[in-house]
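All remarks here apply to the structure that follows.
The values are calculated or read from the model by the stated rules, or taken from the named source; none is laboratory data. What you see is a predicted model; the values in this text were computed from it and never measured. Glycine also receives a Cβ, built like all others from the backbone with ideal geometry; neighbour counts cover every protein chain displayed. To get the accessible areas, we keep the full protein, side chains included, count just its heavy atoms, and leave off ligands, DNA and RNA. Shrake-Rupley method; radii C 1.70, N 1.55, O 1.52, S 1.80 Å.
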Amino acid sequence: MVDYCEKEGCRRQLILRYFEGPTASIDCGKTCDYCISPENVKKQLAMFEKKNSFRFVIIFIYLLILNFNL
């Protein structure tokens, strides 16, 4: 599931590969989000990574405060 959300490429290809279906040159016909707008998907993935990095820093600071009674 994580690969499906985070990998770049045709979503149909990812699903077919997962279920071991025939994947050779099968195009989704621009029906998945990636094939419709790869630039938009790349932007969304980059934004998601930035948010997760920010959350990690906040959690780390919170844990430091708890552990050192700051």
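Quick check on Lys50: is it open to solvent by 100 Å² or more (accessible area, probe 1.4 Å) and under 21 Å from Lys7 (Cβ atoms)?
When the stated conditions are applied, Lys50 passes them.
With the range 1-42 as the region, which helices (runs of 4 or more DSSP H) entirely inside it contain at least 3 residues that are at pLDDT 85 or above and surrounded by 11 or more Cβ atoms within 10 Å (Cβ to Cβ)?
Those helices (runs of 4 or more DSSP H) span 33-36.
Kindly indicate whether Glu49 is of a type in the set (Asp, Glu) and modelled with pLDDT of 85 or more.
No: the conditions fail for Glu49.
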